[in-house]
Amino acid sequence: MTRNQSPLWIKDPLAILAAGAERGVIVDDSRIVELVAAGGTPATPDVRTFDASAHVVLPGLINTHHHFYQTLTRAVPAAIDRELFPWLQALYPLWARLTPDALELATTLAMAELMLSGCTTTTDHHYVFPAGVADGIDIQVAAARRLGQRVLLTRGSMNLSQRDGGLPPDSVVQDEDTILADSERVVARYHEPGDGAMVQIALAPCSPFSVTTSLMRATAELANRLDVRLHTHLAETEDENRFCLELYKCRPLDYLDECGWLGGRTWLAHGVHFNDAEIGRLARARTAVTHCPCSNQALASGSCPVCAMEDAGMRIGLGVDGSASNDASNLMQEVRAAFLLQRGRYGVGRVSHTDALRWATTGSAACAGRADIGEIKPGAMADFALFKLDDLRFSGCGDPLAALVLCGAHHADRVMVGGRWTVEDGRIPGLDIGDLIRRHSAAARALQAG
C-alpha cells in the first residue's frame, strides 16, 4: 500500500482478534486508523475494500527467539535424541563452516517460513561468526528488507571457548573487542528507534556457558549507552544451573544480576528453571521471558512456568527457537504447542486458546519493547495475519478463532506488514520458493558434509 492510495477497509472478517472490530479495520498508509464495530460503517471517507469474509484476522504474530542459521542443520543424525549440551557439541563443528551465502539462504528461508505462518515481526539471535562471516547482521538486514518483514535482529556473541572453560570450540568464538566494536557498528548503521521501525538491533551474548563475565558486563553497559534491548538464553536446563554453580558459585539469575542485566530492557529465552523467588525478582525488574515450547520439549529441557510468571506480573512472549532443535520455523504451530503444553501443566480452567494467542502477540510485543505492534487498535501498525478455514482440519469447526489453535492452523492466506501485503493467496510475491529450497538444501548438504 502506498501513500497515494485511499484507505483500505479489511471488511467483514469471519472473526477477528479485536473487540469492537466485528466489521473490520481501516488501514491508512502503514497504520490502523479505525475499528468498525458490529452494525457500523467506516467514518473514514473514500475507502477501498478487501473482502475478508472468508478470513480469520489476527494481529501479526511476533516471534521473539530464533536462530535463522540453524535451518541448515535440521534433523542432523548426530544431534538427534540429545539434550542441550551434547546437542550443541554435536552441532558446533558444523556451524563453524557457515559461509555468507549459506547464512543469506538460511535467513531468507527462515523468514519466509515464519511469514507464511502469519509472523509479521521476528527477532533472531545470531551468535555464530566464524571466519568470513563478520558481516552476518548486515546479511540478515538485507534479507529482511527484501522480504518486507519487520525485524529485531540481535548481535549475538560467544567468547568463552572450550580452552577457557566454556562449551563452544575456538572456531566459533570472537574476542571481546571485536564483538563490542561490531555491536556498536550495527546499532549505529541499522537500528531504527521509535514506533514504526522496520529494523531494530539488540545485543545478545549467547549464554552463561559461552560468554565471559567481562563481555556480559560490557554488553550491558553498551546497551544502556545506546538505548537498545538485551537478550540471552537463561535457565534453559539443569546443566546450565550446575555450570553456573560450579564456575560462578551462583545460580544463573544471580549471575545475570551481577552482570547488570536484570532490568526492563532485557528479555530472556526459555526461563524453564526459575524458582518462585526468582520469578518474583524478574517481575519486579520488569524482565520478560520468551516461551519456546517445541524446542524445550524436543531437547527434554522442561517447560516454562508461564502462568506462575504471569501471576507475578511478568510479560511472556513466544518463540520458535532454532530450527535445529524445533526443526521448524512456524509460529502458528508454536501457538498450538504452547497452548497444549501449558494446558497440560496448568489445567483446563487456567489456559485457553486466547492465552496462547496473547503470548504470540501482545506478550511478544512486550519482549521486543514495542507498543505499536501485536494488537489491533487505532494507531498501531497495520500488521495482520489472515487465515482461511478451508482445509480438512477445520471442517465442522464452530468458533473460528478457537479453531486456529485447536485444529492447528499453520499456513496464512494473507499477511500484511505496515500496510503492505507480503503474503497473497498463500504465496510471497516475487519469491521462488522452489528455487530457494533447492539452493538452501544444497548449502545445507555442503555444510553437513564438511
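The values are calculated or read from the model by the stated rules, or taken from the named source; none is laboratory data. Just so it is clear, the model here is predicted, and its values are computed rather than measured. Please note: Cβ atoms are built from the backbone with ideal geometry, for glycine as well, and neighbour counts cover all protein chains shown. Each accessible area value is taken on the protein alone, full model and side chains, heavy atoms only, with ligands, DNA and RNA left out. Shrake-Rupley method; radii C 1.70, N 1.55, O 1.52, S 1.80 Å.
Report, by residue number, each residue of segment 343-358 that is in a helix (DSSP H, G or I) and either over 15 Å from Ala385 (Cα atoms) or free of Cβ contacts under 8 Å to residues at least 12 places away in the same chain (or both). Spell out the reasoning first.
Residues of segment 343-358 that are in a helix (DSSP H, G or I), as a first pass: 343-346, 353-358.
Result: Arg343, Gly344, Arg345, Tyr346, His353, Thr354, Asp355, Ala356, Arg358.
Looking only at segment 424-438, decide whether some residue is within 30 Å of Arg315 (Cβ to Cβ) and either in a helix (DSSP H, G or I) or not polar (S, T, N, Q) (or both).
Let us first name the residues in segment 424-438 that are within 30 Å of Arg315 (Cβ to Cβ), namely none.
No, segment 424-438 contains no residue that is within 30 Å of Arg315 (Cβ to Cβ) and either in a helix (DSSP H, G or I) or not polar (S, T, N, Q) (or both).
Looking at Ala235, Ala218, which one is touching a Leu at 6+ places or on another chain (Cβ under 8 Å) and more than 17 Å from Leu160 (Cα to Cα)?
Going through Ala235, Ala218 in turn, just one is touching a Leu at 6+ places or on another chain (Cβ under 8 Å) and more than 17 Å from Leu160 (Cα to Cα): Ala235.
Pick out the one residue from Arg48, Arg23 that is more than 30 Å from Arg445 (Cβ to Cβ) and either open to solvent by less than 10 Å² (accessible area, probe 1.4 Å) or touching a Ser or Thr at 6+ places or on another chain (Cβ under 7 Å) (or both).
On the way: Arg23 fails: either open to solvent by less than 10 Å² (accessible area, probe 1.4 Å) or touching a Ser or Thr at 6+ places or on another chain (Cβ under 7 Å) (or both).
Of the residues listed, the single one that is more than 30 Å from Arg445 (Cβ to Cβ) and either open to solvent by less than 10 Å² (accessible area, probe 1.4 Å) or touching a Ser or Thr at 6+ places or on another chain (Cβ under 7 Å) (or both) is Arg48.
Return a yes/no flag: does segment 249-264 have any residue that is of a type in the set (Ser, Thr, Tyr) and open to solvent by 40 Å² or more (accessible area, probe 1.4 Å).
Just the residues of segment 249-264 that are of a type in the set (Ser, Thr, Tyr), to begin with: 255.
Restricting the remaining residues to those that are open to solvent by 40 Å² or more (accessible area, probe 1.4 Å) gives none.
Scanning segment 249-264, I find no residue that is of a type in the set (Ser, Thr, Tyr) and open to solvent by 40 Å² or more (accessible area, probe 1.4 Å), so the answer is no.
Which of the residues that make up segment 49-87 are free of Cβ contacts under 8 Å to residues at least 24 places away in the same chain and under 20 Å from Pro293 (Cα atoms)?
Quick first cut of segment 49-87, residues free of Cβ contacts under 8 Å to residues at least 24 places away in the same chain only: 77-78, 80-81, 86.
The answer is Ile80, Asp81, Pro86.
Is there a residue being surrounded by fewer than 23 Cβ atoms within 10 Å (Cβ to Cβ), at pLDDT 95 or above, not β-branched (Val, Ile, Thr) and not in a helix (DSSP H, G or I) anywhere in segment 181-191?
Scanning segment 181-191 turns up at least one residue that is surrounded by fewer than 23 Cβ atoms within 10 Å (Cβ to Cβ), at pLDDT 95 or above, not β-branched (Val, Ile, Thr) and not in a helix (DSSP H, G or I).
Filter segment 29-48 down to the residues that are in contact (Cβ under 8 Å) with a residue 60 or more places away in the chain and either out of contact with any Lys or Arg (no Cβ under 7 Å at 6 or more places or on another chain) or not in a loop (DSSP other than H, G, I, E, B) (or both) and list them by number. If you could, list the steps in order and put the result at the bottom.
Initial filter on segment 29-48 (in contact (Cβ under 8 Å) with a residue 60 or more places away in the chain): 29-35.
Matches in segment 29-48: Ser30, Arg31, Ile32, Val33, Glu34, Leu35.
Applying the selection to segment 343-370, what residues are over 23 Å from Thr232 (Cβ atoms), open to solvent by 10 Å² or more (accessible area, probe 1.4 Å) and among the small types (Gly, Ala, Ser)?
Gly344, Gly347, Gly349, Ser352
Could you tell me which of the residues Leu386, Leu340 is open to solvent by less than 30 Å² (accessible area, probe 1.4 Å), modelled with pLDDT of 95 or more and either in a loop (DSSP other than H, G, I, E, B) or among the hydrophobic types (A, V, I, L, M, F, W, C) (or both)? It would help to see each step written out before you state the result.
Numbers: Leu340 fails: open to solvent by less than 30 Å² (accessible area, probe 1.4 Å).
Within the list Leu386, Leu340, the selection yields Leu386.
Within segment 89-107, which residues are open to solvent by 10 Å² or more (accessible area, probe 1.4 Å) and under 20 Å from the mean Cα position of the chain (by Cα)?
Matches in segment 89-107: Glu104, Leu105.
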